[in-house]
Amino acid sequence: MTARTRKYALLAALVLLPACSSTTYHVEMSRLNDSGLVSRTVRKADQPANKDKKVEEPTTTTFRGETPQDVGGAGSYQHHPDPMGSVSIYMERFGGNDDLHGQLREMSTAADALLDILIAWFQSELQDDPRWPKLKTFLHQDLRRDLKNVALYLWTGRNRGKVEGAGVRIVQYLIERGYFKATEIPAMSGLIQDALNEGDAGTDRFMKYLQRQVARRMGIKDNQAAPESLVFLSTLEAANTSLVHWYAGTDEGRARMARFQSLPEDERGDKPEYPDFEALHIEDMVGFELFASTRHVEVKFLAEGPPVKTNGTWEKDHQRLLWKRRIDRANTLPALCYAVWAAPDNAYQKKHLGRVALSGDELIGYVLARAALDPKDQRVWDALVDSLDGGAGTREKIVKLGEDVPVFSPLADPLASALAQED
C-alpha cells in the first residue's frame, strides 16, 4: 500500500466510503415434472465502477432436492405429491451469516480493538499534554460506547435494507451526544465531498475540522487556537506520518520490520508497508467490507399459480414469483427466499370427500402430516380414504378412523374439521 493509498484509506475509514461496484446474479427456475425436477439458469452481471456492464454467458442445470451452490448459499425444492393434491416448498439462503451472536461479538471486539489502537496512537502524541486525561476518558468510555452503537445501527439498517434510515438515526444520535450540531451538517457534508473530490486540499480542510472536534473534547473552546500537541491532526499527511511512526514502535511493527530486513535485498521494496488498513478493524466493526462490491440476486420462479405462502412478489402477467435481494458476505444476515404452493386434486377430493375440502393451509398441513407417516401406514390410510364414496356419513367415518387408529389422528382430525366447516 503506497503512502498516497494509505492516506485515502485512512480518510475513507473516517467517512465510511460506500462500495462503488456491484455484481448481480440472475436466477431463473421452473419445475419440469411432478417428481420435483427443477431447471435452473444462472447469469452473472458485473457492473464495475465507471465502466460498462459485463454479462457472463448463462449456465443451465437441473436439480432435485438441494439447490446448486452456484451463487453461494444453501436451499432446497421439495415436492410432495399426495392423492388429495400436492405441496411444493422452495427455500434458499443466499450469502450472509446465521450466527447473529457471533457477528455482534465480532463487531464489539473490533470496536474495542479500534479504540485501543486510537488511544495508544493518540497517547504517543498527547501524553505530555495536561488535557490528555480528559480526552482519554472520552475515547475510552464515550467514544467506545458510541462506536459500538453506531456499528449496530449500520448493521441493523443494512440487514433491513434501510441504510438511509439508519444513517439519519446515527446523525441524530451523534448530535444528541455532542459530536456536532445540526447546523453544522451542511458544512460537514461539504467538507467530506471536498475531501473525496479535491485531493490533498480537500482532505486537509476535513482534517482541520476533525482536529477542532478533538480539541473540543480536550476542553478547548472554538475561539481558541488548536494546541501545538494536535498538529499531528492538521493534515492527512501529518496524521498518516504519525500513525506510521506509532505503528513502527509497536511489537507488531517491529516484527514486520524484522521480517522485511530478513528478506533478500532484491525482494525488498523501499520500506516495509505498514500499517495494514485491516489493522484498524474498521470493516469488522461496521459489519461489512468498506471497499467490497455490492452483491445482489434476482430470483424468478415460474409456476402454474401463486403460492400460499411466500416472501416474494407474484407477477400474474408472467406467472412467476420474483425476489430481489441484496446478498452480502459473512457479516450480515443471509437473504432468504421462500415459497409454498398447495394444489388440490379437485377430482379426487370430490369423489372421496364429496367436495373440495382441503386447499391452502389445510392442504399443506394434511400433505405434510401424511408424508411423515411410515410408508406402510401411508398405504393403509390411502386405501381407507379410497374406500370413501363422498356420500352421507363421510365425515363420521373419518372421525372414527382417527379414533380407532391413533396414528391416523393427525390426518383424520384436520380432515374432519375441514369437512365440518363446509357443512
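The values are calculated or read from the model by the stated rules, or taken from the named source; none is laboratory data. None of these values were measured; they are calculated from a predicted model. Note: ideal-geometry Cβ built from the backbone for every residue, glycine included; neighbour counts use all protein chains shown.
Scanning segment 69-95 for residues that are among the aliphatic types (A, V, I, L, M) and assigned to a strand (DSSP E or B) gives A74, V87, I89, M91.
Each row is one residue, and each column tells you yes or no for (1) under 24 Å from L152 (Cβ atoms); (2) touching a helix residue (DSSP H, G or I) at 6+ places or on another chain (Cβ under 9 Å); (3) of a type in the set (A, V, I, L, M, F, W, C).
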site	(1), (2), (3)
H79	no, no, no
P83	no, yes, no
Y90	no, no, no
F94	yes, no, yes
L104	yes, yes, yes
L126	no, yes, yes
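For segment 391-420, filtering for residues that are loosely packed, with under 14 Cβ neighbours inside 10 Å and not in a helix (DSSP H, G or I) leaves 3. Within segment 21-48, restricting attention to residues that are of a type in the set (S, T, Y) and more than 17 Å from Q319 (Cβ to Cβ), the residue that is modelled with the lowest pLDDT is S21. Scan segment 96-154 for residues that are under 26 Å from the mean Cα position of the chain (by Cα) and part of a helix (DSSP H, G or I) and the total you get is 28.
Could you tell me whether any residue of segment 118-127 is in the same structural domain as A238 (by TED's automatic domain parsing), in contact (Cβ under 8 Å) with a residue 40 or more places away in the chain, of a type in the set (A, V, I, L, M) and surrounded by 16 or more Cβ atoms within 10 Å (Cβ to Cβ)? Within segment 118-127, one or more residues are in the same structural domain as A238 (by TED's automatic domain parsing), in contact (Cβ under 8 Å) with a residue 40 or more places away in the chain, of a type in the set (A, V, I, L, M) and surrounded by 16 or more Cβ atoms within 10 Å (Cβ to Cβ). Assessment of segment 332-344 against the conditions (of a type outside the set (A, V, I, L, M), within 30 Å of V55 (Cα to Cα) and touching a helix residue (DSSP H, G or I) at 6+ places or on another chain (Cβ under 6 Å)) yields at least one matching residue. Check whether at least one residue in segment 331-349 is of a type in the set (V, I, T) and over 24 Å from Q78 (Cα atoms), and report yes or no. Scanning segment 331-349, I find at least one residue that is of a type in the set (V, I, T) and over 24 Å from Q78 (Cα atoms), so the answer is yes. Figure legend. Inter-residue proximity from segment 248-263: first residues without any contact (Cβ under 8 Å) to a residue 60 or more places away in the chain and of a type in the set (K, R), second residues surrounded by 15 or more Cβ atoms within 10 Å (Cβ to Cβ) and part of a loop (DSSP other than H, G, I, E, B), beta-carbon distance below 7 Å, spacing 6+ or different chains. Indicated pairs: R256/P272; R256/Y274.
Would you mind stating whether S242 is small (G, A, S) and within 36 Å of the chain's Cα centre (by Cα)? Here the answer is yes, as S242 does meet what is asked. Quick check: is even one residue across segment 50-71 of a type in the set (F, W, Y) and surrounded by 19 or more Cβ atoms within 10 Å (Cβ to Cβ)? No, segment 50-71 has no match at all. Scan segment 377-412 for residues that are farther than 15 Å from G354 by Cβ and touching a residue at least 40 places away in the same chain (Cβ under 8 Å) and the total you get is 3.
Hey, any hits in segment 189-210 for a residue that's assigned to a helix (DSSP H, G or I), small (G, A, S), under 29 Å from the mean Cα position of the chain (by Cα) and surrounded by fewer than 13 Cβ atoms within 10 Å (Cβ to Cβ)? Checked against the condition, which is being assigned to a helix (DSSP H, G or I), small (G, A, S), under 29 Å from the mean Cα position of the chain (by Cα) and surrounded by fewer than 13 Cβ atoms within 10 Å (Cβ to Cβ), segment 189-210 yields at least one hit.
Can you find even one residue in segment 131-142 that is touching a Gly at 6+ places or on another chain (Cβ under 7 Å), surrounded by fewer than 17 Cβ atoms within 10 Å (Cβ to Cβ) and at pLDDT 85 or above?
Yes - at least one qualifying residue is present in segment 131-142.
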